[in-house]
Amino acid sequence: MSTGNSYFDDLRNKPEVIDPPQIEDLLEVGEHVNDSTESASKPNVTISSNVRELLECPVCLNAMYPPIHQCSNGHTLCSGCKPRVHNRCPTCRHELGNIRCLALEKVAASLELPCKYQNFGCLGIYPYYSKLKHESQCTFRPYNCPYAGSECSVIGDIPFLVSHLKDDHKVDMHSGSTFNHRYVKSNPHEVENATWMLTVFSCFGQYFCLHFEAFQLGMAPVYIAFLRFMGDDNEAKNYSYSLEVGGNGRKMIWQGVPRSIRDSHRKVRDSFDGLIIQRNMALFFSGGDRKELKLRVTGRIWKEN
C-alpha cells in the first residue's frame, strides 16, 4: 500500500529481510512484567489505536521491541530498520545517533495484549514483551499447507487444511492404517525436484501425509518416501510407521516416527528422515529393461502404547 511518502515506500519495497527480535533478547526486558502464564486468565484489554501506532515502526510497520531508537525530534523506529536508513531519521531526515526511547519502552512494558491467534481459539492476554514468545509457541497457531508441489501460502487448522488438500490440490484421500502404492515414472534418468506425490491417510482419528519424490543428492538422483503427521510434534511421537519396497527377491525396510507438519516438507526431505532408494536400486526393484521406474511401496501406521 502506498503511503504517499516515496522514501518510506522505497524502503518497504527493498527486498531486504528484517529479522524479528530474538525471543531470548525479549526475555531480558521481561523483568518489568508479570509471568505470561499468570496473565492468561486476565480479562481482555482494549488498547487504543493511538498507542498501537506509537509502537509501530514507520518503516517496516512491525511492532517495535527494545532497543527502540529515536532522533533528536522524538521520531522512533525499530532496531532492525535503523541500519537501513543510514543513520538518518526517516521522518525528518535528522541524524539519528544512538538515542534510545526509554519512555516508549516503558509504555510497552505496561501493556497487555491478546494473542494474535485469538481467532483460532487462543483466549490468553499477555504482556507486550511476552506476547511474541507466546505466539511463537502458541498451540492455536495455524499450520502451513503441507502440499509439496508448489509454494502454497494457505494456512489454517487441520480440518481446514484437509479440505483444502482435497478440494484445491486434488490430493488422494484414504482411510486406514495400511497402504500399498505403486509409483511409475517413464524416464527415471530425468530426475527433477518437481517429481513427487502426496497421499493423505486418515486413521486413529488423525491425518497423515505420505510423501514420495525424486530429488538430486549431490550428483546422484535418489527417491525418498516419508510420513508427516498433521498436528504438533508432541502428538506425532505417539505414532510410528514402517515402509517397505522391493523386488527380484530383495527388499528395503524403513521404520520411524512421523514428523509434524510444523517441520516443512523440505526440512524433512533434506534431513533424509525416511526411506531413501538409490536410482540404480530402484531400477533393479523395477525389473525389466530398466527404462521405466515401477516401485511398489507398502507400509503401515500404528499407535504406540
Given 110, 79, 72, 41, which one is of a type in the set (Gly, Ala, Ser) and modelled with pLDDT under 85? 41
Filtering the range 136-164 down to residues that are touching a residue at least 40 places away in the same chain (Cβ under 8 Å) and out of contact with any His (no Cβ under 7 Å at 6 or more places or on another chain), which residue is nearest to residue 264 (Cα to Cα)? 144
For the range 190-305, which fully contained strands (runs of 3 or more DSSP E) count at least 2 residues that are touching a Cys at 6+ places or on another chain (Cβ under 8 Å)? 196-203, 220-229
The one condition in (1) at pLDDT 90 or above; (2) more than 30 Å from residue 285 (Cβ to Cβ); (3) open to solvent by less than 40 Å² (accessible area, probe 1.4 Å); (4) not in a strand (DSSP E or B) that residue 163 fails to fulfil: (3)
Of all residues being touching a strand residue (DSSP E or B) at 6+ places or on another chain (Cβ under 8 Å) and part of a loop (DSSP other than H, G, I, E, B) in the range 92-115, which is farthest from residue 135 (Cα to Cα)? Just the residue, please. 94
Return the residue satisfying two criteria in turn: it lies in the range 254-264 and is modelled with pLDDT of 95 or more and either open to solvent by 20 Å² or more (accessible area, probe 1.4 Å) or polar (S, T, N, Q) (or both), and of such residues it is nearest to residue 286 (Cα to Cα). 254
Scanning the range 94-115 for residues that are touching a helix residue (DSSP H, G or I) at 6+ places or on another chain (Cβ under 7 Å) and among the small types (Gly, Ala, Ser), which turns out most open to solvent (accessible area, probe 1.4 Å)? 109
Which pairs turn up if I take residues in the range 227-245 that are farther than 18 Å from residue 179 by Cβ and look for partners that are assigned to a strand (DSSP E or B) and open to solvent by 20 Å² or more (accessible area, probe 1.4 Å) with beta carbon separation below 7 Å, at least 6 apart in sequence or on another chain? 231/206; 238/303
Go through (1) under 17 Å from residue 303 (Cα atoms); (2) open to solvent by 20 Å² or more (accessible area, probe 1.4 Å) and name the single condition residue 240 misses. (2)
If you go through the range 68-90 one residue at a time, how many are in contact with a helix residue (DSSP H, G or I) (Cβ under 9 Å, 6 or more places away or on another chain), surrounded by 17 or more Cβ atoms within 10 Å (Cβ to Cβ) and not hydrophobic (A, V, I, L, M, F, W, C)? 4
Scan the range 265-304 residue by residue and report those that are under 24 Å from residue 174 (Cα atoms) and open to solvent by 60 Å² or more (accessible area, probe 1.4 Å). 266, 294, 296, 300, 303, 304
Which numbered condition residue 215 misses (of (1) modelled with pLDDT of 85 or more; (2) surrounded by fewer than 22 Cβ atoms within 10 Å (Cβ to Cβ); (3) among the aromatic types (Phe, Trp, Tyr)): (1)
Filtering the range 107-145 down to residues that are of a type in the set (Phe, Trp, Tyr) and under 18 Å from residue 262 (Cβ atoms), which residue is nearest to the chain's Cα centre (by Cα)? 143
Looking only at the range 116-126, which residues are outside any loop (DSSP other than H, G, I, E, B) and either of a type in the set (Phe, Trp, Tyr) or surrounded by fewer than 16 Cβ atoms within 10 Å (Cβ to Cβ) (or both)? 118, 119, 120, 126
Only one of 151, 105, 135 is touching a Phe, Trp or Tyr at 6+ places or on another chain (Cβ under 7 Å) and acidic (Asp, Glu), namely 135
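The values are calculated or read from the model by the stated rules, or taken from the named source; none is laboratory data. As the structure is a prediction and not an experimental result, all values here were calculated from the model. Quick reminder, even Gly has a Cβ in these numbers, built from the backbone with ideal geometry, and neighbours come from all protein chains shown. Note: accessible area is taken over every heavy atom of the protein model, side chains too, but ligands, DNA and RNA are not part of it. Shrake-Rupley method; radii C 1.70, N 1.55, O 1.52, S 1.80 Å.
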